[in-house]
1. Residue by residue through region 86-95, which ³J(HN,Hα) values in whole Hz follow from phi under the Karplus form 6.51 cos²θ - 1.76 cosθ + 1.60 (θ = phi - 60°), with glycine and proline marked x?
2. Would you mind getting me the FRET efficiency between GLN458 and LYS215? Use the beta-carbon distance for r and R0 = 30 Å, nearest 0.05.
3. Provide the per-residue ³J(HN,Hα) series for region 395-402, in order, calculated from phi with Karplus coefficients 6.51, -1.76, 1.60 and θ = phi - 60°, each as a whole number of Hz, with x at glycine and proline positions.
4. Which angle from 0 to 90°, rounded to the nearest 10, does the C-alpha axis of helix 50-62 make with the longest principal axis of the chain?
5. Would you mind checking which residues have amide H under 5 Å from GLY341's amide H? H placed 1.01 Å from N; only 5 or more apart, or other chain.
6. If the only charges are +1 at each Lys and Arg Cβ and -1 at each Asp and Glu Cβ, what is the size of the charge dipole of region 253-346 around the Cα centre, to the nearest 20 debye?
7. Run the Debye formula on the Cα coordinates of the chain, all scatterers equal and no solvent, and tell me log10 I(q)/I(0) at q = 0.05, 0.07, 0.08, 0.14 1/Å.
8. At a 1.4 Å probe radius, carbon and sulfur cover how many percent of the accessible area of region 1-129?
Amino acid sequence: MSSDALIQALRDALGDSAVITDPGDLAPHLVEERGLYHGASPALVKPSYTEQVAEIVKICAAHTTPIIAHGGNTGLVGGGVPDGAVIVDFSRMNKIVSIDAANLTMVVEAGAILADVQTAAEDAGAYFPLSLGAEGSCRIGGNLSTNAGGVHVVRYGNARQLVLGLEVVLADGRVWDGLRALRKNNTGYELKELFLGAEGTLGLITRAVLRLYPKPLSKAVAFAGCASFDQALALFQVARSRAGDVLMACEAMSDFSVSIAEKHIEGACSPLEGRHGCYVLLEFGSSDVDADLNALMEKVLGDAFEDMVIEDAVIAQSGAQAEGLWKIREAIPEAQKRVGGSIKHDVAVPVSKTPEMIARATELVEKLIPGVRVVAFGHLGDGNIHFNLSQPEGADKTEFLSHWHAVNEQVHDLVVSMGGSFSAEHGVGQLKTGEMARFKSEVELDLMRTLKNALDPQNLLNPGKVLPPQK
């Protein structure tokens, strides 16, 4: 069947305004944020409700045309770049469907922007804890499809732990209604787990039941300077033992990471005297409005200082000061763009091995690329570090980026040898399918392919992503 017939069938089903074919309008949807991948698509479609998504899938299946879902298009691994696929844009399916404050659940459409989900929960006197840098533009369907992490994983877990139920359009156009708001449901296979983190390769998430939490009414935020990542880990252990579940976030940043944030991003400024080998941002939160978390933070930092774990620290005395401390951490990714080419790693190791991994990986990359500048920062509380590299000063960007594959290979080898993962929260997409082939066992890959073949026998759902080509 021709592409013209496909487009006409989509227009007949959705209306002309919901089917976009103009090359200029398609262009922003054919490239990922870093420009590493460029794709092609016959059309972008904008459904308004689940039944239209199902009809789109049926039409594409009849024309043997692949399908790819788009949320905010903020991915970093090429998972949202189409290779001749029809793009299903969920921007019109952006409703907060309902909130059950007593049950602490919320039903949302896949196109709801993460920040809007957070605001809706807050307006209902509750809290949705998923929080990450792109929350003003990323959409919840993409967050769930990639099992997003963010800064509060140490207390609340990844996106996978924040979902109770899903509605999913399958590869044949059938709709699985798993929108159950239950915390206990022991009736067979947990089907929703198939689609969380699958990057749209097994089905298209259209709606979700999200788990909410009591709203933190008391908070404390501190910024500490440590001599090294070893000391930063020791501070985390002190905070975890003293604060327990009150600990909401523990972010670590190398000195170079903080220095480029200060230099290039307005408003990012360390409040500490002098320079330190590593910095840690701690956040405590409690639903008890009378909880004196500043006093608890003082106790934690005092104990850490006595143990020679920290060199200096400040505690935010207002909401504005707390935002200022978070600004330092949030500014790092944007600041890195200002200092030249970047080679990035989204890796995780057991929390206890984080300092060792950073030290060994730093030594490794400095031998590979003399003068390389390591930008190491991330979620110390769950072992997920963004081990990024900026080009040496004065280096040629193209020549530096030509080392990407060799550097990734050696860093990932190290991380996996330490019991870690080469993808912690950004997903696999197409960037890391080769690493799936290198590190996943044949048994694992066979199980994944069995699922893919069973749920998508025509291989129409985001083909070429997550799974490596079969030999």
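The values are calculated or read from the model by the stated rules, or taken from the named source; none is laboratory data. Source: prediction; values computed, not measured. Here Cβ is always computed from backbone atoms with ideal geometry, including for glycine, and neighbour counts include all displayed protein chains. The area values use the complete protein model at the heavy-atom level, side chains included, leaving out ligands, DNA and RNA. Shrake-Rupley method; radii C 1.70, N 1.55, O 1.52, S 1.80 Å.
1. Karplus values, whole Hz, x for Gly and Pro: 6, 8, 9, 8, 8, 5, 7, 9, 10, 7.
2. Details: r = 45 Å, r/R0 = 1.51.
My answer for the efficiency is 0.10.
3. 6, 7, 4, 4, 5, 4, 5, 5
4. 60 degrees
5. For GLY341, the qualifying residues are GLN391.
6. Values: 8 positive and 18 negative charges, 144 e Å.
Here the size comes out at about 700 debye.
7. Values, matching the q order: -0.19, -0.38, -0.50, -1.41.
8. Numbers: 2610 of 5300 Å².
The computed percentage sits at 49.
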